[in-house]
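Read the structure below first, then the notes.
The values are calculated or read from the model by the stated rules, or taken from the named source; none is laboratory data. Remember, it's a predicted structure, so these values are computed and weren't measured experimentally. Here the Cβ positions follow ideal geometry from the backbone for every residue, glycine too, while neighbour counts run over all protein chains shown. Quick note on the areas: whole protein, heavy atoms, side chains included, nothing else; ligands and nucleic acids left out. Shrake-Rupley method; radii C 1.70, N 1.55, O 1.52, S 1.80 Å.
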Amino acid sequence: MYKTPCSRLSGFVGVSVKQKLIQNVPRCNQTARSLIQLHKRDPSKWLTYQHLNFLKRQYVSKNSSELQQRAILKQTPVLTIVDERDDSVERQVERIPTIEAVPQPEDVTSKAQPEISTLKSKDVAAKKGSVSRVVATSEETPHIHVESNEAKQARLDRQWKELKVDVADLPDIYARLAKIKLTALVVTTAAAGYAMAPVPFDPIMFSVSLLGTGLASCAANSINQYFEVPFDSNMNRTKNRPLVRGQISPLHAVSFALACGVPGVALLTLAVNPLTGFLGALNIFLYTCCYTPLKRLSISNTWVGAVVGAIPPVMGWTAATGCLEPGALLLGGFLYSWQFPHFNALSWNLREDYSRGGYRMMSVTHPAMCRRVALRHSLGLIGLSALAPALDVTTWTFPVVSLPINLYISYLAFRFYRRGDRGSARKLFFCSLWHLPMLLLLALTCKNHSRKQEDATPVPLSLPAH
């Protein structure tokens, strides 16, 4: 059968290995069954990865003092089986003792005889009933508890289920997801930066740059809300956001962010200029990947957020000129300094909310620094206004006409610094709401047109001599 000793030896080895495998097959099957049963007994160790299903629903779990977002699995309905034999309460069967006949007089014997027979029959019946009850209890099969429609609906409502979004509600949901008021402020500051640039006004380029900036802002705000769902649910200020209330799924929110961010950055890069597109992408990155996680780690998030808010007017300037100039940085400095009295006053009255949400804000962890920084940057607005004509951005009229509003916000910041109460913080916050548009409007009216006129001055043509 085997041609060589080597092939004969390999044949013997193969036969012995095969026999060993055949002997170990039942043991392996038993081990596999035991592992499967152990896995089924402990559902907490189940791991499922269902592509993008983790974006459909989230819940919060606390692990090592950190909040994490995980996917929750939809539980399958389980029928409850009630087995009376497993009842922990032991049933005690009381046996009625037999009643012996009592000798009575002859005249009463005839009347008492039926009663004694009745008692004996009852005793026998009781014994038979108790025995039958014990037998029935021991042989009774477990029955299935049928769930009512109301209980089933209540159980399904407690579980995660697919969302049904009404198309008529989508515009309002998208507006709140994009933080439409904040996006409007971003677009307004970008428009101011474009208008302050010393170049001829191009309405088409102006509209395209504002559209791209607005789309980039919508994308950044949507991603920010996606990341902060478990924390926003703990704050009264943000608990009614669409993702927190479940009006829209996380996958839908991320899709909306991509649908806004990708065209917005592409529009700024291709239709305006690459520098503006780079600033738009940088702003999305800073807001979503730096500012958002820093809010739960360090108070430096306020300074990073101020940089994010200072970029839109710079984008407007670069959209008009195509380059970074001192005027663009000056407008960014206005927005950078303005945000500290604005946000510090806002966060002062929301300290309990931010603390409940787990955010590390100056108003929560460093209240004295919060008031001091607000006053410092309010005074800095006066210096920046004086620097504008020196950089040939505005005329010397601007520092004079902007001095009253700058002094007023500085005065309110000083009151906030000294008192540190809710009333002074509220006044400073409402003052910041009208201070910024007023300051930008004054800067636009005092814009220096000398460079524009020099660029627009026609070069005289020399006529040839005859």
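Peptides 407-413, 176-182 ranked from most to least packed, by the mean per-residue count of other Cβ atoms within 10 Å: 407-413, 176-182.
Placing unit charges on each Cβ (+1 for Lys and Arg, -1 for Asp and Glu) gives segment 148-288 a dipole about its Cα centre, and among 280, 209, 250 the Cα reaching farthest toward its positive end belongs to 250.
Where does the charge balance sit around residue 434 when Lys and Arg score +1, Asp and Glu -1, over other residues with C-beta under 15 Å from its C-beta?
Taking every Cβ under 15 Å from that of residue 434, the sum is +3.
Taking θ as phi - 60° and the Karplus parameters 6.51, -1.76 and 1.60, the scalar couplings of segment 352-368 work out to 5, 5, 5, 5, 5, x, x, 8, 9, 10, 4, 5, 8, 9, 9, x, 5 Hz in sequence order, x denoting glycine and proline.
State to the nearest 20 debye the size of the charge dipole of segment 267-392 about its Cα centre, where the only charges are +1 on K and R beta carbons and -1 on D and E beta carbons.
Working: 8 positive and 4 negative charges, 118 e Å.
The calculation lands at about 560 debye.
A protection proxy built from the mean count of other Cβ atoms within 10 Å ranks the segments 294-300, 259-265, most packed first, as 259-265, 294-300.
If you wrap segment 167-324's Cα atoms in a convex hull and average its projection over all directions, what's the area in nm²?
For the Cα atoms of segment 167-324, the hull's average projected area reads 9.4 nm².
Here the contact order of segment 325-449, divided by its residue count and restricted to Cα pairs under 8 Å and six or more residues apart, works out to 32 percent. As a rough guide to protection, the peptides 304-313, 378-387 ranked by mean Cβ packing within 10 Å, highest first, stand as 304-313, 378-387.
Of the two radii for segment 325-449, the radius of gyration is 1.03 times the Kirkwood radius, both from the alpha carbons; that is the Rg over Rh value.
Quantify, in whole percent, the carbon and sulfur part of the accessible surface of segment 214-256 (1.4 Å probe; protein heavy atoms only).
51 percent
Couplings 3J(HN,Hα) of segment 435-445, computed from phi: 5, 5, x, 5, 5, 5, 5, 5, 5, 5, 6 Hz, in residue order, whole Hz [Karplus 6.51 cos²θ - 1.76 cosθ + 1.60, θ = phi - 60°; x for Gly and Pro]. Annotation: amide H-H contacts under 5 Å for residue 394 (H modelled 1.01 Å from N, sequence separation of 5 or more, or interchain): 448. Relative to the compact-globule estimate of 2.2 N^0.38 Å, the Cα radius of gyration of segment 354-428 comes out at 1.36.
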